[in-house]
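Here's the structure, in structure tokens; my notes come after.
The values are calculated or read from the model by the stated rules, or taken from the named source; none is laboratory data. All figures in this text were calculated on a predicted structure; none of them were measured in a lab. Note: ideal-geometry Cβ built from the backbone for every residue, glycine included; neighbour counts use all protein chains shown. For accessibility, only protein heavy atoms count, side chains too; no ligands or nucleic acids. Shrake-Rupley method; radii C 1.70, N 1.55, O 1.52, S 1.80 Å.
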Amino acid sequence: MVFKRRTPRTYYQAVSESLYPKGGWRRAARYVLHRLRRLPDPAHKISRGIACGIFVCFTPFFGLHFLIAAALAWVINGNLMAALLSTFFGNPLTFPFIAAVSMELGSWMLGRPAIPLPFVVSAFSDAAVELWRNLIAIFTSDITHWEGLIRFYDRVFLPYLVGGILPGMATALAFYFLSNPLLSAYQKARVARMKKKFAKKREKVISRRMEAAETDGLKAPGSDRKAAE
């Protein structure tokens, strides 16, 4: 494979780099911003994709953020790559704040007591393990147990889902209205720079052709004399 690593990453390296990138979060953020600025679509389509990726980060569908962001971007005619890149808004630095706000708001809207953040994290990990065991049990002789998943849905997943809608929409709209004029201005400035660069290259080509024509004109009389002799 062309893009295969020469030295495969170990499990520890994969986990550590998912929590903290090799070049740091600042470098990762600069890379994402650079890719977003260089996308070929108009600014409003890129901003729609950004809004989709940001909104999905406030949902509890961990592991499906890429797919949901791409689907939303396709529905509203946004840029798919911008949607995928914007899902990196949800990372180990921001997820504690997102989860805390979503759970507090969702629990309040549903009239339920709020659950501390450490219990939310452990509840998601326990639910993932139980779901995997039940899926295996379907194809084996083991007995499935869905009681824990039902409690998880009622106490954690549903409040997270309900509470993440409003802050997710607000944050997505804020990023849309902020990114749209910035991307539009950047694209216009980039086009102006490219036109200026192209004009300079064209002037150089024209001047070289004129110099070559003048040189051929000076050589022509001498060549005629040689031909006459």
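Go ahead and collect, in residue order, the members of segment 49-85 whose backbone nitrogen is under 13 Å from a label point 7 Å along the Cα-Cβ direction of residue 95.
57-66
Round to a whole number: what % of the accessible area of segment 152-214 belongs to carbon and sulfur, probe 1.4 Å?
Percent of accessible area from carbon and sulfur atoms in segment 152-214: 67.
Roughly how many nanometres apart are two label points built 7 Å out from the Cα toward the Cβ at residue 151 and residue 165?
Modelled inter-label distance: 2.7 nm.
Based on the alpha-carbon gyration tensor of segment 124-198 and its eigenvalue square roots a ≥ b ≥ c, which shape applies: rounded if a/c is under 1.5, prolate if not and a/b is larger than b/c, or oblate?
Oblate, since a/c reaches 1.5 and b/c is not below a/b.
Could you tell me the distance between the Cα centroids of segment 48-107 and segment 115-134, to the nearest Å?
So the two Cα centres are separated by 20 Å.
List, in order, the whole-Hz ³J(HN,Hα) value for each residue of segment 156-161 obtained from phi through the Karplus relation with A = 6.51, B = -1.76, C = 1.60 and θ = phi - 60°; use x for Gly and Pro.
So the J values, rounded to whole Hz, are 10, 5, 5, x, 5, 5.
Would you mind putting 179-189, 113-123 in packing order, based on average other-beta-carbon counts within 10 Å, highest first?
179-189, 113-123
Please work out how much length the chain gains when fully extended from residue 182 to residue 133, using 0.36 nm per residue of separation minus the C-alpha to C-alpha distance, in nm with one decimal.
In short, 12.9 nm is gained.
If you stretched the chain out fully between residue 77 and residue 104, how much longer would it get, using 0.36 nm times the residue separation minus the C-alpha to C-alpha distance?
6.5 nm
Calculate the spin-label point distance for residue 142 paired with residue 125, positioning each point 7 Å from the Cα along the beta-carbon direction, and give it in nanometres.
1.9 nm
Shape verdict for segment 82-166, please, from the Cα gyration tensor: rounded (a/c under 1.5), prolate (a/b greater than b/c) or oblate.
Judged from the Cα gyration tensor, segment 82-166 comes out oblate (a/c at least 1.5, b/c at or above a/b).
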